[in-house]
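Worksheet for the structure shown next.
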Amino acid sequence: MAAQGIRIEGLKKRYGSGDTAVDALKGVDMEVAPGEVVGLVGPSGSGKSTLLKCLGAVIDPSAGRMTLGDAVIYDQGWKARDLRALRRDKIGFVFQAPYLIPFLDVTDNVALLPMLAGVPNAEARKRALELLTALDVQHRAKAMPSQLSGGEQQRVAIARGLVNRPPVILADEPTAPLDSKRAMAVIRILNDMAKKYETAIIVVTHDEKILPTFKRIYHIRDGVTHEEAGEGRGFD
Ligand SMILES: Nc1ncnc2c1ncn2[C@@H]1O[C@H](COP(=O)(O)OP(=O)(O)OP(=O)(O)O)[C@@H](O)[C@H]1O
Ligand SMILES: [Mg+2]
């Protein structure tokens, strides 16, 4: 799949209307190159999840512009013709709560997306197992989601977000329930993906352990973003 950077310009999001309206995003600018992993930090309620949901076409922005590669997907209204296809083919999500499918085992939770995209079942399961192994949950491959710990569920959800090798990955606190060794492994995998497939990746995090790994970090406060250089350290 062709590499696609992210460009966000003047993005606004208002929830509700009238007296109870909340202006969650007031003009966000952000750019992520193909192959780049950027951090997104800010206080609780500052609009981090709102920004990822707008970019992932889970909710409608109120104004602004968003581009993936050469394609304008939003410009004062959705320009992408098929938002379901956009979500399915372009975006890998890793959300705060894992949302695994309760009646599918771990392998099938991960293999389902490539199967739906037409990858033969055996190949889809092989890809799923490779990722589960990289994330150190391969021993739970036949378990049902309800039988997993919170951290195991999160790692399965991460595998599911990456398995289709989407050009864009949006991760909302992906390492929150993980110990520092596993958190670092997740960040290493995201960086490997970025390099290997030219994926553009945004990681929302409060995690002090992983913050020093980013080369660039966006801070969001009161609905606007400021860019800062990060330390760009390694992953060990
Ligand atoms: N569906 C909604 N309806 C109304 N207001 C909302 C809705 N979702 C979020 N908000 C408000 O928008 C603002 C931004 O919320 P958002 O979830 O994006 O914050 P966040 O930065 O992800 O916070 P956290 O670190 O706690 O996850 C908050 O004031 C929140 O209360
Ligand atoms: Mg959030």
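All of the numbers you see were taken from the coordinates with simple rules; none came from a lab. Since this is a predicted model, take the numbers as computed values, not measurements. Note that we place each Cβ from the backbone using ideal geometry, even for glycine, and neighbour counts take in every protein chain shown.
Can you spot the lysines whose alpha carbon is less than 26 Å from Lys90's alpha carbon? Ignore those fewer than 8 places along the same chain. List returned: Lys12, Lys13, Lys26, Lys48, Lys53, Lys79, Lys126, Lys195, Lys196, Lys215. Sorting the Cα pairs of the chain by distance into bins of 10 Å, from 0 upward, gives 8, 33, 36, 20, 3, 0 percent per bin.
Summarising the label geometry, the points placed 7 Å from Cα in the beta-carbon direction at Ile101 and Asp70 lie 3.5 nm from one another.
Compared with the alpha-carbon gap, the fully stretched path from Ala2 to Ala33 is longer by 9.9 nm at 0.36 nm per residue. Annotation: the antiparallel percentage among DSSP beta bridges lying fully within region 165-236 is about 55. The calculated FRET efficiency for the pair Arg87 and Lys181, based on their C-beta separation and a Förster distance of 45 Å, comes to about 0.90.
For region 167-233 and region 10-26, what is the centre-to-centre distance using only Cα atoms, to the nearest Å? Using only Cα atoms, the two centres lie 26 Å from each other.
For region 85-229, the share of DSSP beta bridges that are antiparallel, to the nearest 5, is 40%. Structural descriptor for the chain: relative contact order 29 percent, calculated from alpha carbon pairs under 8 angstrom and at least 6 residues apart. Shown is the FRET efficiency for Lys79 and Lys126, computed with R0 = 41 Å from the Cβ-Cβ distance and rounded to the nearest 0.05: 0.65.
Multiplying each eigenvalue of the alpha-carbon gyration tensor of region 158-236 by 5 and taking the square root yields semi-axes of 19, 16, 13 Å, largest first, rounded to whole angstroms.
Based on DSSP H segments of at least four residues, each scored -39500 (n - 2.57), the chain has a per-residue ellipticity at 222 nm of -9500 deg cm²/dmol. Which values of log₁₀ I(q)/I(0), to two decimal places, follow from the Debye formula for region 85-159 at q = 0.15, 0.17 Å⁻¹ with a uniform point scatterer at every Cα? Taken in order of the listed q values, log10 I(q)/I(0) reads -0.46, -0.59.
Directionally averaged projected area (region 46-96, Cα convex hull): 3.8 nm².
Run the Debye formula on the Cα coordinates of region 1-59, all scatterers equal and no solvent, and tell me log10 I(q)/I(0) at q = 0.20, 0.23 1/Å. Summing over Cα pairs of region 1-59 leads to -0.84, -1.04.
The modelled label-to-label distance for the pair Ala63/Asp192, using points 7 Å beyond Cα in the direction of Cβ, is 4.5 nm.
Rg and Dmax over the alpha-carbon atoms of region 19-106 stand at 14.7, 46 Å.
Distant-in-sequence amide contacts of Arg216, defined by a placed amide H-H separation under 5 Å and a gap of 5 or more residues or a different chain, comprise Gly39, Gly230. Using only Cα atoms, find the angle between the long axis of helix 106-116 and the longest principal axis of the chain, and express it within 0 to 90 degrees, rounded to the nearest 10. Taking the Cα atoms of the chain, the angle to 106-116 is about 60 degrees.
Once the chain from Lys12 to Asp136 is taken as fully extended at 0.36 nm per residue, the excess over their C-alpha distance is 40.8 nm.
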